[in-house]
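Enquirer: The structure's right below; bear with me while I get my questions together.
Where a number appears in this text, it was derived from the coordinates with a stated rule and is not lab data. The model shown is predicted, which means the values in this text are computed figures rather than measured ones.
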Amino acid sequence: MGSEFAYEDLSSQEIEKYSYKFLEEKGDLLIVEQDPTDPKSGYTRRIVTYNKGKGYRIEKVEFYDRKNALLKTLKYTDYNVYKKKFWRAKTFTMVNHQSNKETILNFRNYDFDAGLTEDDFTQVALKRAGR
């Protein structure tokens, strides 16, 4: 992607994509190991920190490479709550511990009432929108 993010890091996070192991609880923080079920994953595991006091939002993800060495850490900060239930971070900071490089993504203006329908995601509609 031309950054410290891989497509896998930003793809949807369906529950079936990982097996899970609870590691520990530190106050409001829950630490969970997630092992990818896809053998083509670029990672052997992820260590995810959830904040149960803030709607179980993700605070940090540590990514381990195919040699099981810490590769990257992603931190989510500057959270806002939308529609009284959707926690979304404005800032994603990915640090690559092996290259010492960093990428920061800043998000603004999340819109949960965009009025999109299934028809907006057909191949024809997406091709038309890409022009």
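Enquirer: Treating each Cα of the chain as an identical point scatterer and ignoring solvent, apply the Debye formula and state log10 I(q)/I(0) at q = 0.10, 0.11, 0.19 Å⁻¹.
Expert: -0.41, -0.49, -1.25
Enquirer: Also, I was wondering about something else. Using only Cα atoms, locate the centre of the stretch 1-39 and the centre of the stretch 50-93, then give the distance between them in Å, rounded to an integer.
Expert: 10 Å
Enquirer: Let me ask you something else. In deg cm²/dmol and to the nearest 500, what is the mean residue ellipticity at 222 nm of the chain if only DSSP H runs of at least 4 residues count, each as -39500 (n - 2.57), divided by the residue total? All intermediate terms of the calculation are to be shown ahead of the outcome.
Expert: Numbers: 2 runs with 11 residues, N = 131.
That comes out to -2000 deg cm²/dmol.
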